[in-house]
Amino acid sequence: MKDLIEFIVRSLVEKPEAVIVTETEGEQATVIEVKVADEDAGKVIGREGRIANALRILAKAAGAKDRKRVTVEIITKEERRNG
């Protein structure tokens, strides 16, 4: 699932080498964090969050066959600074 999200995000951005995707698996849920270059954040989120929502839907569909909840989080510059 991580590979799918990483492939899609790298296809969307101007700086694919700056994309970092991490996957944290729990017993019932999986969290996929996507970090991109600051100038590419808007491309990954999309207008009104449409691309981010599409990524979440794809991840949930892929996780459904394994009966796992999947969450995709897009980490922005402000979140990195505060977190």
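A short reminder: the numbers here are calculations on the coordinates, not readings from a lab. Keep in mind the model is a prediction, meaning the values are calculated, not measured. Cβ sites come from the backbone with ideal geometry, for glycine too, and all protein chains shown count toward neighbours.
Quick one: in the stretch 27-55, of everything that is out of contact with any helix residue (DSSP H, G or I) (no Cβ under 9 Å at 6 or more places or on another chain) and under 14 Å from E73 (Cβ atoms), which residue is surrounded by the most Cβ atoms within 10 Å (Cβ to Cβ)? Don't jump to the end; show me each part of the working.
Taking the stretch 27-55 as the starting set, the residues that turn out to be out of contact with any helix residue (DSSP H, G or I) (no Cβ under 9 Å at 6 or more places or on another chain) are 27-28, 31, 33, 39, 42, 47-50, 53.
Next cut, under 14 Å from E73 (Cβ atoms) only: 31, 33, 49, 53.
Details: V31: 14, E33: 17, G49: 11, N53: 13.
The residue in question is E33.
So for the stretch 45-67 (the condition being among the small types (G, A, S), part of a strand (DSSP E or B), within 16 Å of M1 (Cβ to Cβ) and in contact with a strand residue (DSSP E or B) (Cβ under 6 Å, 6 or more places away or on another chain)), does at least one residue qualify?
No, the stretch 45-67 contains no residue that is among the small types (G, A, S), part of a strand (DSSP E or B), within 16 Å of M1 (Cβ to Cβ) and in contact with a strand residue (DSSP E or B) (Cβ under 6 Å, 6 or more places away or on another chain).
If you scan the stretch 19-41, which residues turn out to be assigned to a helix (DSSP H, G or I) and charged (D, E, K, R)?
D38, E39, D40
Confirm whether D3 is more than 12 Å from the chain's Cα centre (by Cα), among the acidic types (D, E) and exposed (fewer than 15 other Cβ atoms within 10 Å of the Cβ). Give the derivation first.
Numbers: more than 12 Å from the chain's Cα centre (by Cα): no; among the acidic types (D, E): yes; exposed (fewer than 15 other Cβ atoms within 10 Å of the Cβ): yes.
It is false that D3 is more than 12 Å from the chain's Cα centre (by Cα), among the acidic types (D, E) and exposed (fewer than 15 other Cβ atoms within 10 Å of the Cβ).
Just to be sure before I move on: is E14 in contact (Cβ under 8 Å) with a residue 24 or more places away in the chain and part of a loop (DSSP other than H, G, I, E, B) in the structure I sent?
yes
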